[in-house]
Each structure stands twice: as structure tokens, then as C-alpha cells.
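A short write-up of the structure that comes next.
The values are calculated or read from the model by the stated rules, or taken from the named source; none is laboratory data. Just so we're clear, the structure is a prediction, and the values are computed from it rather than from any experiment. Using ideal geometry, Cβ is built from the backbone for each residue, glycine included, and neighbour counts are taken over all protein chains shown. Note: accessible area is taken over every heavy atom of the protein model, side chains too, but ligands, DNA and RNA are not part of it. Shrake-Rupley method; radii C 1.70, N 1.55, O 1.52, S 1.80 Å.
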Amino acid sequence: MTARGIITGADGLERCAWHANLEDYQRYHDEEWGRPMANDIRLFEKICLEGFQSGLSWLTILRKREAFRAAFAGFDFDVVAKFGDADIERCLADPGIVRHRGKIVSTVNNAKRAQELRSEFGTLARYFWSHEPGANERPKVVTYEAIAANPTTPTSLSISKDLKKRGWTFVGPTTVYAFMQAMGLVNDHIEGCYFRAKVEQLRASFARP
């Protein structure tokens, strides 16, 4: 990694360095991370997986994502909300996922809370995108140093506080900001990353819910 947080890939393109040129991690960086998302299932999946990631690396979770999807009914929160004790024990016995009882129980709880949020706002997307930060909260230049120094933001603190008030769990402000970065509520591809401009274009054309 260079001092400015950029790494050059085998294809000659410069990218954010955090994927370390690992094939699956690079694909996630190029094809998913930071692209604006309005699909409720994917939004629910991501905020749950960010909760599972707490204390671990995102690469660990990414490589287990298909197993998580199988365990949690594709993160269809209407299905997960009906999970009972037998489903929790099944997940605890599943070697393909992170077998943390608190985080598994949290996912079931959050599925119920997601249903409540949808009832109030129409979609999860409408709720989350209503919190999109303004330009006043964003750095003038998105550098590695700026991102590293700000693992939380006023908006992630606000969303975290509101979600906790609504009964969500494992949604601390650092977890919420990682969710915001991944789902395109902000563009934290750093200056010099080939994909920053692509994500900016997608955000510009994205129809906010």
C-alpha cells in the first residue's frame, strides 16, 4: 500500500488499497462497495453482516456470505422474523457462519424491527436514504487519512441512536458508517481510485427512494 492508500492491480488500475489485490476482495471493491443500493433485502443483509463483522475482518464475512444467505433465508426479513429457537440452534450449529448467539439472535430481532420500519416508512431504503449526509459533513477531498481518522460521522451516530431507540441491536455508529460506505450513502473510494468517478456517476443518476 502506498502512503496515499492506493494500490495498483495486475490490470494496471489504481484502487483503494484495502482489498490488497485479493481476487474476491477486489471484485467486491470494484463491483459492489459504494454503489448506491435501494433494495430492502440487500440493505437488511448488509446491516446484519456488518454486525457479524464486529471484532472480525470484513473479508472473513465476505467469504462466508453465501453460507450466511443460506442460513438466514437470503436475508428475507419477513422470513427471518419468524425464526424460533430451533432456527437459532440450527444457525449455532452451522460451521459456515459466525456462530455467535448474540449476533444470531440480533439478526432475528432486527428482522422484526425491519418490518416495523417498513410499515412506518414504506421501505427500508426510504428510511436509510433520508439520512444521506449533506456536503457539509463530507471531506473536501476523500483521502486515506480522512477516512482512517473518521470511523464514525455525525450521521452514523444519529442513525445508530435512532435504530437503537427503535429496538435494533448490534448497530453501533462504526457499524452503521461501514454500512453507509458499502451501500453508497457516501462515496469513500479515495482520490486516485479508478472507481471513485464511476461511483460518483452512479450516485448522480441514482433515484433516491
Quick check, is residue 125 open to solvent by 20 Å² or more (accessible area, probe 1.4 Å), hydrophobic (A, V, I, L, M, F, W, C), at pLDDT 95 or above and farther than 17 Å from residue 18 by Cα?
no
Helices (runs of 4 or more DSSP H) contained in segment 1-109 and holding at least 3 residues touching a residue at least 12 places away in the same chain (Cβ under 8 Å) and open to solvent by 10 Å² or more (accessible area, probe 1.4 Å):
23-31, 40-53, 58-63, 65-71, 85-92
Looking only at segment 176-186, decide whether some residue is open to solvent by less than 70 Å² (accessible area, probe 1.4 Å), aromatic (Phe, Trp, Tyr), modelled with pLDDT of 95 or more and part of a helix (DSSP H, G or I).
yes
Might you check whether a residue that is touching a helix residue (DSSP H, G or I) at 6+ places or on another chain (Cβ under 8 Å) and among the hydroxyl-bearing types (Ser, Thr, Tyr) occurs anywhere in segment 4-24?
no
From 120, 132, which residue is over 21 Å from residue 60 (Cα atoms) and either more than 19 Å from the chain's Cα centre (by Cα) or in a helix (DSSP H, G or I) (or both)?
120
Filter result for residue 191 (surrounded by fewer than 20 Cβ atoms within 10 Å (Cβ to Cβ) and assigned to a helix (DSSP H, G or I)):
no
